[in-house]
Amino acid sequence: MKRILLLGLAIVLLLVLIVGGVLWGTYNSLVTKSQAIDAQWAQVETQYQRRFDLIPNLVNSVKGIMTQERTVFDQLAAARTAYTGAATVNEKAVAGGEVEVALGRLVAIMENYPQLRSVETVTQLMDELAGTENRISVERRRYNEFVRDYNNIIKVFPTKFIASLFNFETREYFQSVSGADKTPKVEF
């Protein structure tokens, strides 16, 4: 009788250890993936910061050559300020989109003023900005991949139950702002 009781206790203890191990491992995996998403968003923000650091230099270089396009410069400054004040990923995405629209207008202006393209400083800054835009695109894509992997994991069985037990919720993808697919219009 003692033997059966000990065997039953050992089986219960083994099951508790297995369930506890699964809970522990799954929880740690969810935390790791959530942290990876946060780290990847930080990479996106790093590239945004790089862009924001380049913009004043480009604007000042172009301003020195032409002063009549003040509205574009004002839009860039306003979009940059909006990004700084944004708190959530979606707010930052919208503000980042506003910067992209204003930059598109600036590029269009530069294309219409060939003397600007011949200024070495402006050319170098435009090349830096183009490289930064590519980096931003890559980091956004990576961010969305991390979010996709995380969201998939918290929606599958049995992780779904463990995720809800510990309040892990789906994360939002980075989405472009409405109208980002349209070419900006520049009127003189």
Task: In the range 26-57, the residues that are more than 13 Å from Tyr143 (Cα to Cα) and aliphatic (A, V, I, L, M) - done: Leu30, Val31, Leu54, Ile55
Task: Condition check for Met126: crowded, with 16+ Cβ neighbours inside 10 Å, under 30 Å from Leu58 (Cα atoms) and either within 23 Å of the chain's Cα centre (by Cα) or modelled with pLDDT of 90 or more (or both) - done: yes
Open item on the list: Just to verify a result, which residue in the range 68-79, among those that are among the charged types (D, E, K, R) and assigned to a helix (DSSP H, G or I), is modelled with the lowest pLDDT?
Closed with: Arg70
- [ ] Hey, could you check the range 96-116 for residues that are over 12 Å from Leu76 (Cβ atoms) and at pLDDT 75 or above and say which is farthest from the chain's Cα centre (by Cα)?
- [x] Gly97
Open item on the list: Please go through the range 142-173 and give me each residue that is part of a helix (DSSP H, G or I), among the hydroxyl-bearing types (Ser, Thr, Tyr) and surrounded by 13 or more Cβ atoms within 10 Å (Cβ to Cβ), ordered by number.
Closed with: Tyr143, Tyr150, Thr159
- [ ] Report, by residue number, each residue of the range 80-94 that is under 12 Å from the mean Cα position of the chain (by Cα) and assigned to a helix (DSSP H, G or I).
- [x] Val89, Asn90, Glu91, Lys92, Ala93, Val94
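The values are calculated or read from the model by the stated rules, or taken from the named source; none is laboratory data. As the structure is a prediction and not an experimental result, all values here were calculated from the model. Reconstructed Cβ throughout: ideal geometry from the backbone, glycine too, with neighbour counts over all protein chains shown.
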